[in-house]
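The values are calculated or read from the model by the stated rules, or taken from the named source; none is laboratory data. Here the structure is a predicted model, which is why all the values come from computation and not from measurement. All Cβ positions, glycine included, derive from the backbone under ideal geometry; neighbour counts span all protein chains shown. Please note that ligands, DNA and RNA were not included when accessible areas were found on the heavy atoms of the full protein model with its side chains. Shrake-Rupley method; radii C 1.70, N 1.55, O 1.52, S 1.80 Å.
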Amino acid sequence: MTPPHAANSAAARDIANVLHPYTDLQAHQETGPLVIARGKGVRVYDDAGKEYIETVAGLWCAALGFDNERLVQAAVKQMRELPFYHGFTGRSHAPMIDLAEMLIQRAPVPMSKVFFANSGSEANDTAIKMIWYANNAWGRPGKKKIIGRVRGYHGITVAAASVTGQAANHKAFDVPLPGFIHTLCPTFYHEGREGETEEQFSARCAEELEKLILAEGPETIAAMFCEPVQGAGGVVVPPRGYFQAIQPVLRKHDILLVADEVICGFGRTGNYWGSQTFGLEPDILVCAKALSNSFLPISAVMVNQRVFEALAAKSHEIGTFGHGFTYSGHPVPAAVAIETLKIYDEIDIVGHVREVGPYFQDELRRRFRDHPLVGEVRGVGLIGAVELVEDKAARRNFPPARKVGPKLVKHGERHGLILRSMVLDSIGFSPPLVITRAEIDEMLDRFARALEDLAVQLRREAIAPVA
Ligand SMILES: Cc1ncc(COP(=O)(O)O)c(C=O)c1O
């Protein structure tokens, strides 16, 4: 097979040399990459100069869009002053100290200390190891199991992939590890029963959770990880009363709650934290992505006083907290994160999301809810999804082999949109938070055209939806 790319083009060299994350590696040898060359605002441009609106802010992360001179200058200044130092054995530096203080000040519930890592996955692995360490400190070595949720996403390092609840992250990787268990996905659209209200469904989710805890033995369960809105699992917005129903169950059995705010943090849902939008009171909070506008890699784990005291006591007994990355709190990403948080405050990013978010949600529903290919439109703030179905009345998705979502992504590209298709052909929207109403209109106009092209293609393939 000869790839249709000119020899020595960027595409041909990509095919020859790059092993891509989250890609069908074999198909890629034929299809090749989409090479992105530059970005500005909510838009990116490929190496042929074609313009696209980035509907998912890259990977749910470039909240301020794809250029920002202040962030460039923050990095340059820090590179000149102190381009590297670490935090091992009590060493420190101003960016790490300032950023930790800023995060503690902004936390949704009282938090005690911040640990830095480089990615969401590393931060979640760190949280899991902290939870194990703390339970050893508390003298309960048997209380170690971690609960995740079906369709939850917490990353791909070995422990984070184990708490993730998605088949593609488990299959052929020999995870989840023993001791990781999963409870019901809170999707009212798929799991809600005939005649059940959202609140009743939430109560049922809590009952299912407690059944799982009792079956495993509460003395064996250490923590539960929750995204306020499940992002990469297809943008699952919790049903009304969900966290109010499950948190008492966790408290009753002394199970820690970890809020994975990697997507929801920093304004995405219309509050600074998703925890505030949905009433989570976590013991540990994990954030990344928009923390630095993703211009440089950095993530953070915040722990409350109770958890910190356990870590402190055990580390004192052992002589060190034997965990940390060379780049934990790296001064350059930390400086960029500090500047990012300052910008969020100055431009009132949360206020902006509260202003344009409802418009985005209304328009998404108004334009697409009744489309024959659309089963559900859902979302909150500036995160949303359009789920494609084969049978609208039966809420039945297309067979995955038909690759209906990926087909729509291709149509989107032609119409100048970078789209993200997820499980059950859910097309996610998580644009840069600075998006304007006019840009939302433009994005949804293009999406409408792509959806019509998909409908034509499906009709042509004689797999039109059941009306
Ligand atoms: C909620 C959540 N947690 C963790 C991660 C993993 O982050 P990373 O890809 O930086 O390891 C992601 C990535 O999308 C995420 O959405």
In segment 255-285, the residues that are near the ligand (Cβ under 10 Å from one of its atoms) and among the acidic types (Asp, Glu)
ASP260, GLU261
Take VAL175 and tell me if it is in contact with a strand residue (DSSP E or B) (Cβ under 6 Å, 6 or more places away or on another chain) and at pLDDT 95 or above.
no
Based on what the data block shows, is SER294 over 14 Å from VAL109 (Cβ atoms), in contact with a helix residue (DSSP H, G or I) (Cβ under 9 Å, 6 or more places away or on another chain) and not in a helix (DSSP H, G or I)?
yes
Out of all the residues in segment 214-223, which are assigned to a helix (DSSP H, G or I) and open to solvent by less than 40 Å² (accessible area, probe 1.4 Å)?
PRO218, THR220
Can you tell me which of PHE429, PHE398 is among the aromatic types (Phe, Trp, Tyr) and in contact with a Pro (Cβ under 9 Å, 6 or more places away or on another chain)?
PHE398
Among the residues of segment 271-293, write down those that are touching a Ser or Thr at 6+ places or on another chain (Cβ under 9 Å) and not hydrophobic (A, V, I, L, M, F, W, C).
ASN271, GLN276, THR277, GLU281, PRO282, LYS289, SER292, ASN293
Any residue at all in segment 243-254 that's within 13 Å of the ligand (Cβ to nearest atom) and in contact with a strand residue (DSSP E or B) (Cβ under 8 Å, 6 or more places away or on another chain)?
no
So, in segment 41-90, how many residues would count as being more than 16 Å from the ligand (Cβ to nearest atom) and either farther than 22 Å from SER119 by Cβ or at pLDDT below 95 (or both)?
23
If you go through segment 286-299 one residue at a time, do you hit one that is on the phi > 0 side of the Ramachandran plot and more than 16 Å from the ligand (Cβ to nearest atom)?
no
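Matching residues to (1) part of a helix (DSSP H, G or I); (2) touching a Cys at 6+ places or on another chain (Cβ under 6 Å); (3) over 18 Å from MET111 (Cβ atoms); (4) modelled with pLDDT under 95:
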residue	(1), (2), (3), (4)
PRO186	no, yes, yes, no
LEU212	yes, no, yes, no
GLN244	yes, no, yes, no
ASP254	no, no, yes, no
GLY270	no, no, yes, no
GLN276	yes, no, no, no
LEU280	no, no, no, no
VAL286	no, no, no, no
Yes or no: segment 174-184 includes at least one residue that is touching a residue at least 60 places away in the same chain (Cβ under 8 Å), part of a loop (DSSP other than H, G, I, E, B), open to solvent by 30 Å² or more (accessible area, probe 1.4 Å) and within 16 Å of the ligand (Cβ to nearest atom).
no
Looking at segment 297-322, which of its residues are surrounded by fewer than 22 Cβ atoms within 10 Å (Cβ to Cβ) and in a loop (DSSP other than H, G, I, E, B)?
PRO297, ASN304, GLY319, THR320, PHE321, GLY322
Are any residues in segment 188-210 open to solvent by less than 30 Å² (accessible area, probe 1.4 Å), small (Gly, Ala, Ser) and part of a helix (DSSP H, G or I), and if so, which ones?
SER202, ALA206
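Yes/no matrix, rows are residues, columns are (1) away from the ligand (no atom under 16 Å from the Cβ); (2) open to solvent by less than 40 Å² (accessible area, probe 1.4 Å); (3) more than 26 Å from LYS314 (Cα to Cα):
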position: GLU101; (1), (2), (3): yes, no, no
position: GLN105; (1), (2), (3): yes, no, yes
position: PHE115; (1), (2), (3): no, yes, no
position: ALA123; (1), (2), (3): no, yes, no
position: PRO141; (1), (2), (3): yes, no, no
position: ARG149; (1), (2), (3): no, yes, yes
position: HIS154; (1), (2), (3): no, yes, yes
position: GLN166; (1), (2), (3): no, yes, yes
position: ASN169; (1), (2), (3): no, yes, yes
